[in-house]
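Taken together, the values in this text are just the output of simple stated rules run on the coordinates, not laboratory data. Just so you know, these numbers come straight off a predicted model, no measurement behind them. Here Cβ is always computed from backbone atoms with ideal geometry, including for glycine, and neighbour counts include all displayed protein chains.
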Amino acid sequence: VDVTKHFPVRGLLKRGAGRVVHAVDNVSLKLYAGRITALVGESGSGKSTLARLLAQLYPVTSGEIRLHGQPVRATSGKAFRDHVSKVQLILQDPFASFNPVASIASTLKRAVSIHHADKRGDAQLAVIDDLLTQTNLVPPRQFTEKFPHELSGGQLQRVSIARALAASPEVFLADEPVSSLDVSIRLGILNLLRRLTEEREVAMLYVTHDIASARYFATDTAVMYAGEIVETGPSETVTQQAAHPYTKLLISSAPDPSRVDTERIRDIGQPPSLITPPSGCRFHPRCPFALDRCKQETPPTFELADGHTTRCWLYADKPEPAASERPDAS
Ligand code: SF4
Ligand code: MG
């Protein structure tokens, strides 16, 4: 993908008509079949917006989303619907994504009748049994007649994964899929998602605020700040040799920073408004390493090593000398 999303601001400001929220700006991201890419950042960084853009829940402001290199156009034709069904979104709170008065069987029947229209009666039930079995809800018939409130959060999240699987997706967009669940069952759900990604060659985007889980769970990691991607690379590299000061900050403030090993930095601020993002590097008001140029000039993406990139002036070939090192500073 290569997208920008600006939301018009309505009702928030008395003046300033025509202003927009820069929710996602010039983001390029590639997902690979059979691999998990973590998208990490604080709340309000634009992660969920990006996931919803990929799911075609919002039209993009500019740029395009491609599947197998083919642009996905926001139209309403059958080709578009086929495209959309290949991209399945799994949300944080499973209870919010189910009809509370529909049984699990009837919810899954709906999904199966859309995506396996040829299956009826027993054949349809067999598909449902298979979907539940694949998500480790066994024996399946113990779950089909239940209603969402009769299941635990973890069980219901497994049902939502089963429902997504009914579409035989090529892309899974999992937006904080375990953060509303009990800590003790998170690992089981993540392991299930990982197994499905590998076995079915699905490309998964794992949206999270927890950079430590990205290291454990995802092959690749992209770090998002104020609507922009500021660092990408293999998860191991991004978490063990973080380059961008914001990535270092995220690691320093992780609940269990001992799981990642990097220079610790102290937080000196808050995420910026996306209505009027800071000039230059959007992280500069919070960055302990900010150079003069950071306030004016937007850093480009610098390639550090194989697949490891960052948008930070500290990695420019000829960085601006720090004030204390300038000849005229003595
Ligand atoms: Fe900090 Fe400058 Fe790098 Fe931005 S570009 S993260 S302000 S050093
Ligand atoms: Mg979110």
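Under 15 Å from a label point 7 Å along Cα→Cβ of A33: give me every residue in segment 147-172 with its amide N that close.
The answer is 168-172.
Express in nm, to one decimal, how much length is gained between R195 and T276 on full extension, taking 0.36 nm for each residue of separation and deducting their alpha carbon distance.
25.0 nm
Have a look at the chain and give its Rg and Dmax from the Cα atoms, expressed in angstrom.
Cα-based Rg and Dmax for the chain come out at 21.8, 84 Å.
Consider a paramagnetic label point 7 Å from the Cα of E145 along Cα→Cβ; state which residues of segment 102-121 have an amide N under 18 Å from it.
102-109
Given the pairs K5/K109; K47/K295; K5/K146; K5/K78, which are separated by over 30 angstrom at their Cα positions?
Cα-Cα > 30 Å for K5/K109; K5/K146; rest within.
Can you tell me which of E64, E145, E176 moves the most in a GNM of the chain? Springs connect C-alpha atoms under 10 Å apart.
Result for the chain, Cα springs under 10 Å: E145 fluctuates most.
Can you put S113, S279, S184 in order of Cβ neighbours within 10 angstrom, beginning with the fewest?
S184, S279, S113
Full extension from D306 to R293: what is 0.36 nm times the residue separation minus their Cα-Cα distance, to one decimal in nm?
Working: separation 13, 0.36 × 13 = 4.68 nm, distance 2.68 nm.
Answer, rounded to one decimal: 2.0 nm.
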